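Structure, as structure tokens:
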Amino acid sequence: MLRRSRAGSSMPWAFGRMVLSSGALAAGTCALIYYLTQKAFSKASYYQLALEQLHSRPEALEALGAPLSVHHLHLTDRDNFVDIASARLKIPVSGSKSQGLLHVHSSRDGPFQRWRLQEVFLKLQDGQQIPVFKLSENTGHEVENE
């Protein structure tokens, strides 16, 4: 008969504790990275400019209903894309009447230049699309929505 030594029998427990603590550390790290990514997006100028435009459009606010809630981005959505020169986002928003996605397209000329909104529109859950902002190709000014 083989007998396990006392030190050998505690080995699986030590390994189990190590695996458990490593898993908890990895989960905590993922949660922290997710939180920091969401925070970075919400502080970006293209995100803030789009929300300012939404708040300035009574017809969009009326369609959503008060109070307006802005939700976390779906980071796994491939339509949420930011690189050095352009940003495309779908920001989830909701109100007492409806919910939808605020589609944002913004660009800049270089890495240290200011972001300029190109187009912002609200697509409601029922399929209705409400223009919020569009930059004129010719003048570089906002196009008035009718």
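Key figures
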| item | result |
| --- | --- |
| Whole-number percent relative contact order across the chain, with pairs defined as alpha carbons under 8 Å at least 6 apart | 15 |
| With all protein chains modelled, accessible area of T76 [1.4 Å, Å²] | 130 |
| Rounded FRET efficiency, nearest 0.05, which uses the C-beta distance separating R17 from K123 and R0 of 35 Å | 0.10 |
| Listed residues D83, D77 arranged by accessible area, highest first, probe 1.4 Å | D83, D77 |
| Using a Förster distance of 41 Å, the FRET efficiency for A24-H55 (Cβ separation, nearest 0.05) | 0.50 |
| Mean-position separation - Cα centroids, the range 75-92 and the range 110-124, in angstrom | 11 |
| Pair F81, K39: separation of 7 Å Cα→Cβ label points (nm) | 2.9 |
| Global geometry of the range 19-77, whether rounded, prolate or oblate, following the gyration tensor of its Cα atoms and the 1.5 cut on a/c | prolate |
| Rounded to 10°, Cα long-axis angle of helix 6-43 versus longest principal axis of the chain | 10 |
| Degrees separating the helix 45-55 axis from the principal Cα axis of the chain, which is the longest one | 60 |
| Check: the chain dipole with +1 on Lys, Arg Cβ and -1 on Asp, Glu Cβ, in debye | 1440 |
| The chain, helix-only ellipticity at 222 nm - DSSP H runs n ≥ 4, -39,500 (n - 2.57), divided by all residues, nearest 500 | -13000 deg cm²/dmol |
| Per residue accessible area in Å² of the range 13-124, where ligands, DNA and RNA are left out and the probe is 1.4 Å | 63 |
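The values are calculated or read from the model by the stated rules, or taken from the named source; none is laboratory data. Keep in mind that this is a model prediction, so the values were computed, not measured. Virtual Cβ from ideal backbone geometry, glycine too; neighbours counted across all protein chains shown. Surface areas here come from the heavy atoms of the whole protein model, side chains and all, with no ligands, DNA or RNA. Shrake-Rupley method; radii C 1.70, N 1.55, O 1.52, S 1.80 Å.
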